[in-house]
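The next block holds one structure in the form of C-alpha cells; read it before the comments.
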Amino acid sequence: MRHGAIGLNYIDTYHRSGLYPIPLPSGLGLEAAGTVEAVGAQVTEVQAGDRVAYASGPIGAYSEARTLPTARVVKLPVDITDDTAAALMLKGMTAYYLLHLTYPVKPGTVLLTHAAAGGVGSVLVPWARHLGATVIGTAGGAAKCTLASEYGCHHVIDYRSQDIVAEVRRLTEGQGVDVVYDSVGKDTFEASLDCLKRRGMFVSFGNASGKPPAIEPGTLSAKGSLFLTRPTLGDYTTTRKELDTAARALFDVVRHGIVKADVRQRYPLRDAARAHADLEARKTTGTTLLIP
C-alpha cells in the first residue's frame, strides 16, 4: 500500500529506545492509512485502489509504501479520510477496548485518566463522557488543562501544581474513582493506586515517564482489594472479528461527531526524529501525523 499519512504514537519511542525490544534491523511505526497499489494472487478481501488503514504490526509504518498482510488492514469508509484514520486508528481502538472491554464504562462510572490532553486522551475523554461517565483528567500546565476541558473532562487536575490524590479524594467526597487509565507509568503509578475506591481497577497501558515500579500483590489488598491490569491493543484485536468490531465502533463515534481527529502537529516523515523528541518532551498535544 502507498501511505497517505502515518500516525505517531508513544509506543514508537519505546521501540526506538529498546524499552520494548524488537528484532533488528527494523523500521518503526504501527499506524498509517493509504491506498492499496497491488494485491497477491490469493487476496480477495481488498483490491487495488481500496483505501485502507491499520494499527498493528508488523512494524514499519514509517515508510512511503509497504507490503502488509490483509488480516491486519481495515477498509476505510468513504467518509473517513486518510488523515483521520492515521490519527485515530491506534489511539481510537485503544480507547475502545479500554472503555468497553477492559473496564466497561457506563452511566455513573467515575474515572481518572492521565495525559487527558494527549493523543489517547483526545479520544478517550469525549467517548467516556458520551458513555455517561464522570471524567477526571490530569494534564501539565494551564494550556493542556484547558485542552483537556475542551475534550470533555468534567474536572482537570494540573499535576504540576496540584496534588492528584488529594484532588481526586476531594472531587469524589473521599470515595476515589472506579477506574484509573494510566499511560504515564512511573511518575503516576503510586498516585493512581491511591486514587482508586475499594475494589477499583488500575489500568496501566503505557510508560511515557518510564517503566512503572514492581508491585507486591499484598499492596493491592492493603489499598482496598484493587485490580491491576496491563493490557495491549494486540490482545484485544487478535481475530478479524475483534479488529473489525473495534474499527467499526471507532468509525461510528467519529461519524456522529463524538470523537474528532484533533491533529495538532504534522511533520514530514524525514523529520521523524524531531517528532519523537517533541513527543517525549511533552511538547505535543492531541494527535500527530508524519507525512510521507
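Can you tell which of Gly174, Gly141, Gly185, Gly210 is small (Gly, Ala, Ser), touching a Ser or Thr at 6+ places or on another chain (Cβ under 8 Å), at positive phi and not assigned by TED's automatic domain parsing to the domain that holds Gly18?
Gly185
Any chance you could count how many residues in region 172-193 are of a type in the set (Ser, Thr, Tyr), surrounded by 22 or more Cβ atoms within 10 Å (Cβ to Cβ) and assigned to a loop (DSSP other than H, G, I, E, B)?
Looking only at that region, the number is 2.
Matching residues to (1) in contact with a Gly (Cβ under 6 Å, 6 or more places away or on another chain); (2) among the small types (Gly, Ala, Ser); (3) modelled with pLDDT under 95:
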| site | (1), (2), (3) |
| --- | --- |
| Arg129 | yes, no, no |
| Thr134 | no, no, no |
| Glu150 | no, no, no |
| Ser161 | no, yes, no |
| Ile164 | no, no, no |
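Scan Val74, Val52 and give me the residue that is of a type in the set (Val, Ile, Thr), touching a helix residue (DSSP H, G or I) at 6+ places or on another chain (Cβ under 6 Å) and either modelled with pLDDT under 95 or not assigned by TED's automatic domain parsing to the domain that holds Pro126 (or both).
Val74
Enumerate the pairs (first residue in region 275-290 and buried (at least 23 other Cβ atoms within 10 Å of the Cβ); second residue anywhere and in a helix (DSSP H, G or I) and among the hydroxyl-bearing types (Ser, Thr, Tyr)) with beta-carbon separation below 9 Å, excluding pairs fewer than 6 apart on the same chain, so at least 6 apart or on different chains.
From region 275-290, the pairs are Thr287/Ser122.
For the condition in contact with a helix residue (DSSP H, G or I) (Cβ under 6 Å, 6 or more places away or on another chain), within 22 Å of Leu99 (Cα to Cα) and of a type outside the set (Ser, Thr, Tyr), what is the one hit in Leu147, Leu171, Leu196, Leu226?
Testing whether each residue is in contact with a helix residue (DSSP H, G or I) (Cβ under 6 Å, 6 or more places away or on another chain), within 22 Å of Leu99 (Cα to Cα) and of a type outside the set (Ser, Thr, Tyr) leaves just Leu226.
How many residues does region 7-25 contain that are β-branched (Val, Ile, Thr), over 16 Å from Arg274 (Cβ atoms) and not in a loop (DSSP other than H, G, I, E, B)?
The total comes to 1.
Within region 216-248, how many residues turn out to be under 30 Å from Gly18 (Cβ atoms), surrounded by 15 or more Cβ atoms within 10 Å (Cβ to Cβ), of a type in the set (Val, Ile, Thr) and free of Cβ contacts under 8 Å to residues at least 40 places away in the same chain?
Looking only at that region, the number is 0.
Out of the residues in region 261-278 that are of a type in the set (Lys, Arg) and at pLDDT 95 or above, state the one that is nearest to Val120 (Cα to Cα).
Arg266
Among the numbered criteria (1) surrounded by fewer than 24 Cβ atoms within 10 Å (Cβ to Cβ); (2) more than 19 Å from Gly119 (Cβ to Cβ), which one does Gly34 miss?
Only one criterion is unmet by Gly34, namely (1).
The values are calculated or read from the model by the stated rules, or taken from the named source; none is laboratory data. Because the structure is a prediction, the values reported are computed rather than measured. We place every Cβ from the backbone using ideal geometry, glycine too, and count neighbours over all the protein chains shown.
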